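Written out below as C-alpha cells is the structure these notes cover.
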Amino acid sequence: MARLRKNGVRKDGSCTNEGLRKIMHESMTVDTTTEVKRAVHRAVTASFDGSYGILCAECAFSYIVHTIEYCVHTRHNITCLIYKDA
C-alpha cells in the first residue's frame, strides 16, 4: 500500500491526485475493460475541470504521457491510467 506525502501525492508515484484515485476505485465496478473505461471517464469529467485521457487494460501496457496530473489504479484485474491533457 502506498503512503501519502504531506502534499497528498503517493510515494510510489502512481497517482498525483488522490481524488482521481478515489473516483477511479469507485467507478471500477463493472466487468469489461470498455465499461470500466467509460465509467471512469464519466465520473472524472463530472468531478474535475479539463480534458482527461484514459487507458485501461487487463494486461500490462507501456505508455508515455507528458502531464503533471495522472493516476494509475488497478481493481478487478483491470489497470487504468488517467491523465489530464495538456
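Table for the structure above
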quantity	calculated
The lone exception for A60 - which of (1) on the phi < 0 side of the Ramachandran plot; (2) within 13 Å of the chain's Cα centre (by Cα) it fails	(2)
Given (1) out of contact with any strand residue (DSSP E or B) (no Cβ under 6 Å at 6 or more places or on another chain); (2) assigned to a helix (DSSP H, G or I), index of the condition L20 fails	(1)
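Table: residues versus (1) within 12 Å of M28 (Cβ to Cβ); (2) surrounded by fewer than 11 Cβ atoms within 10 Å (Cβ to Cβ).
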position	(1), (2)
A43	yes, no
S47	no, no
A60	no, yes
I68	no, yes
I78	yes, no
I82	yes, no
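Every number in this text was worked out from the coordinates using simple rules, so none of it is lab data. Keep in mind that what you see is a predicted model, and the values were worked out from it rather than measured. Note that we place each Cβ from the backbone using ideal geometry, even for glycine, and neighbour counts take in every protein chain shown.
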